[in-house]
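FYI, it's all coordinate maths here, none of it is from the lab. Everything numeric in this text was worked out from a predicted model, so none of it was measured. When we count neighbours, we look across all protein chains shown, and the Cβ atoms used for this are built from the backbone with ideal geometry, even at glycine.
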Amino acid sequence: MQIEAGGHFNRAAARFRDAVAVQSTDRTLTYAQLRAAANRIGSCMLNLGVERGERIAVLAHNRVEIVELWLGLERAGLVRVALHTHFDMNTHSQTLNDVGVVALFFDTRFADAVAAHRKDMLSVRHFIAIGPNAPDWALPYEAAARGGASEDAPVDVDDESPFAIQFTTGTTGFPKPWVVTVITGLPSNFVPSNESRR
C-alpha cells in the first residue's frame, strides 16, 4: 500500500494552522510555520544530493530544530537516526557507519567531540551544525534551512518503508538498531551491526 510520508502531520497542520505547535524559551512556531520549516530542511537534504531512503542522524539536546528535523526528514522520505546524547563519540562513529548514515545534524555543544571523530565517520558526507558558533567544516543549520523550499512536495512511500532507526541504550552490549516503519510506528525488525539496510 502506498501512503503519503508525513501525511498525519499534514492533516494536523491543515486543521490547526495558526495554533502553536511547538515552543521553547526562544522560539515559537505555529503549525503552518512548522510545516514550512520542516519542508525547507527536508528539501535542503535532497538538494544536497541525499537520496530518498538514505539515513540522516541527529545528535542534539531538546530544541525546536529537532521537531523541524524529525518531521522534515519523514516528509522528504529520508530515514531519521536518533543518537543518544549520553553515548560517547566512539560509539556514535561505529553506529553511524553500521547503518550507513550519510548526513549528521549535531548540536554545536558536541562540535569538539564530532571534530575529533570525523575521520572515523566513513559514511557521513554532510555535517550540519545546530546552534551558535558552527565550525567551518560544517554547514550551519540556518543556511541549510534557507536552501530548501517551504512548499509541500508530497512523497508516496510503501507502508513497510522505514522512517526511523532507533538504537537501544546498550545495557546488554553494544547498542543495536531497530527499524520503525511508516505505517505502524512500531519496530519492524532489527538491523544487525555492520549491515546496512538501504
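Mind checking the dipole of segment 2-187: about its Cα centre, +1 per Lys or Arg Cβ, -1 per Asp or Glu Cβ, Debye to the nearest 20?
240 debye
Over all directions, the average projected area of the alpha-carbon convex hull for segment 2-187 comes to how many nm²?
Computing the convex hull of the Cα atoms and averaging its projections yields 10.4 nm².
Over segment 2-187, calculate the relative contact order: mean separation of alpha carbon pairs under 8 Å at least 6 apart, over the residue count, as a percent.
Once divided by the residue count of segment 2-187, the mean separation gives 24 percent.
Whole number please: convex hull volume per residue, Cα atoms of segment 23-92, in Å³.
92 Å³
Relative contact order of segment 35-128: what whole-number percent is it, with Cα pairs under 8 angstrom and at least 6 residues apart?
Relative contact order, segment 35-128: 32 percent.
Compare the peptides 79-92, 16-29 by average per-residue count of other Cβ atoms within 10 angstrom and give them in order, highest first.
Result, highest mean Cβ count within 10 Å first: 79-92, 16-29.
Whole-Hz ³J(HN,Hα) for each residue in segment 63-71, computed from phi via Karplus 6.51 cos²θ - 1.76 cosθ + 1.60 with θ = phi - 60°, x for glycine and proline: what do you get?
6, 4, 4, 4, 5, 4, 5, 4, 5
At a 10 angstrom cut-off on C-beta neighbours, averaged per residue, how do the peptides 123-131, 111-119 rank from highest to lowest?
123-131, 111-119
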